[in-house]
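**Q** Structure incoming, see below.
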Amino acid sequence: MRKHLFTRTAGQRGLTFALAAAGTGLFWLLGLPLPFLFGPMTFCLAGALAHVPLRGFGQVSVAARTILGVAVGASITPAVIAELPRMAASVALIPLFIAAIALIGVPFFRRLWGFDGPTAYYAAMPGGLQDMVIFGTEAGANPRVLSLVHATRVLIIVTLAPFILGHFYGAPLTNPIGSPVADLPWHELLIMVAAAWIGWKGGERIGLFGASILGPMIVTAALSLSGVIHFRPPAEAILAAQFFIGCGIGVHFLGVTLRELTRVVAAGIAYVVVLAVLAAVFSGIVSWMGLGDPVAAYLAFAPGGQAEMTVLAIVTGADLGFVITHHLTRIVIVIVGAPIVAGLIAGRRKD
């Protein structure tokens with residue numbers, strides 16, 4: 001029985017990998033942007049909606065995210081730390097941004113789409129997908145609805161962001177993502193691997209949210225600031241991270257029914273428009289006040305996934321420290337607030 005299950009799982013993952021690789025190859029041949037991200041995402045999404053028996057890559061996908069954590073950490077240098085006071089004014093806008101999202105998003109889902117209170121709140125909050133599903137479920141929300149709404153949010157934003165960056169901001173998506181592995185010192189590569197593993201597993205042990213990204217980021221930042229490492233992960237590693245992230249986004253829609261497409265996914269798509277307007281307003285304020293570069297400001301307030309926005313910041317050459325600082329602030333506020341709201345909802349139900 002166990003052997004049969006293993007064989008079936010391996011077969012499904014093999015099919016997923018083959019489909020994702022085909023998407024990558026086609027996007028590469030056609031010269032489309034970010035082929036290692038959008039190729040797998042598009043083909044796996046199509047396969048999932050066609051009910052092809054796909055399966056995510058589990059811990060391999062999680063491990064791929066550690067590469068981005070190391071990339072961010074390696075970008076945190078003494079020069080970036082010196083710039084933190086300059087970011088304070090724009091970071092201070094993040095709580096207002098989240099408050100605006102809550103004030104508009106919760107009624108949007110409740111009144112227009114008929115979601116119950118807990119589901120509406122956790123669907124509206126732009127936190128991590130897994131975190132919002134976990135906290136929302138504890139508060140009595142519908143986990144399937146939350147999962148699809150947040151997956152749709154990430155999918156649409158990641159799909160549209162490159163177009164917006166290229167056509168409205170004139171930002172090329174051709175910035176070198178890293179040096180080839182052959183050009184990097186082997187001892188720094190080993191240190192990066194160790195930092196990724198220690199940060200990831202150490203972060204999980206202490207209950208750090210987003211441990212696969214934040215743990216490696218913290219460890220690598222310490223190494224970067226102390227002068228131990230001087231490079232980001234090699235280009236091949238960044239491309240591998242893009243590949244598995246793209247697969248994960250697409251596979252998440254496996255098993256979606258027609259009813260879910262017309263109600264839940266449609267609600268998620270409509271909500272992205274709301275988020276896009278709010279993000280445009282706040283990023284515009286940041287740019288207008290001279291608090292940040294327009295491209296960095298857009299990426300800092302774009303409510304996509306942290307990993308996906310990191311990839312876009314790297315390929316556009318945006319200020320990675322600026323972008324990540326704002327995303328971390330948003331995620332921390334949402335994560336800290338989530339259990340508080342869950343407790344309030346639970347208290348109301350008891351009353």
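We did not get these values from a lab; they are worked out from the coordinates using the rules stated. Just so it is clear, the structure is predicted and the values come from calculations on it, not from any experiment. We place every Cβ from the backbone using ideal geometry, glycine too, and count neighbours over all the protein chains shown.
**Q** If you build a Gaussian network model of the chain, linking Cα atoms that sit under 10 Å apart, which residue out of G304, G170, G105 swings the most?
**A** Of G304, G170, G105, the Gaussian network model singles out G170 as fluctuating most.
**Q** Can you compute the modelled spin-label distance between A46 and M289, with each label point 7 Å from Cα toward Cβ, in nm?
**A** Here the modelled spin labels are 4.5 nm apart.
**Q** So what are the three principal axis dimensions of the chain from its Cα atoms, in whole Å, longest to shortest?
**A** Result, largest extent first: 60, 57, 43 Å.
**Q** Then there's this: Along Cα→Cβ, 7 Å out, is where each label goes; now give me the distance between the ones at F231 and H167 in nm to one decimal.
**A** 3.8
**Q** Sort D293, D183, D319 so the one with the fewest other Cβ atoms within 10 Å of its own Cβ comes first.
**A** Details: D293 18, D183 10, D319 21.
The most exposed by this proxy come first: D183, D293, D319.
**Q** Here's a follow-up. Fewest first, what order do V60, V91, V272 take by the number of other Cβ atoms within 10 Å?
**A** Values: V60 13, V91 19, V272 22.
Taking fewest neighbouring Cβ atoms as first place, the list is V60, V91, V272.
**Q** By how many nm would the segment from L103 to V277 lengthen if fully extended, with 0.36 nm per residue of separation less the alpha-carbon distance?
**A** 61.2 nm
**Q** Given a 10 angstrom Cα cut-off, can you work out which residue in R232, R259, R144 is the most mobile in a GNM of the chain?
**A** R259
**Q** From Cα pairs below 8 angstrom and at least 6 apart in sequence, can you work out the relative contact order of region 2-350, rounded to a whole percent?
**A** 30
**Q** Can you check what the Kirkwood hydrodynamic radius comes to for region 188-306, Cα pairs only, in Å to one decimal? Write down the numbers at each step before the final one.
**A** Numbers: mean 1/r = 0.0569 Å⁻¹.
Radius from the Kirkwood sum: 17.6 Å.
**Q** Would you mind ranking F36, F231 by Cβ crowding within 10 Å, fewest neighbours first? Walk me through the numbers before you get to the answer.
**A** On the way: F36 23, F231 16.
Fewest-to-most ranking of F36, F231: F231, F36.
**Q** Starting from the Cα of A92, step 7 Å along the direction of its Cβ; do the same at I198; then give the gap between the two resulting points in nm.
**A** Placing both labels 7 Å along Cα→Cβ, they lie 3.7 nm apart.
**Q** What full-extension length gain, to one decimal in nm, is calculated for A82 and D116 as 0.36 nm per residue of separation minus the Cα-Cα distance?
**A** Here the answer is 7.7 nm.
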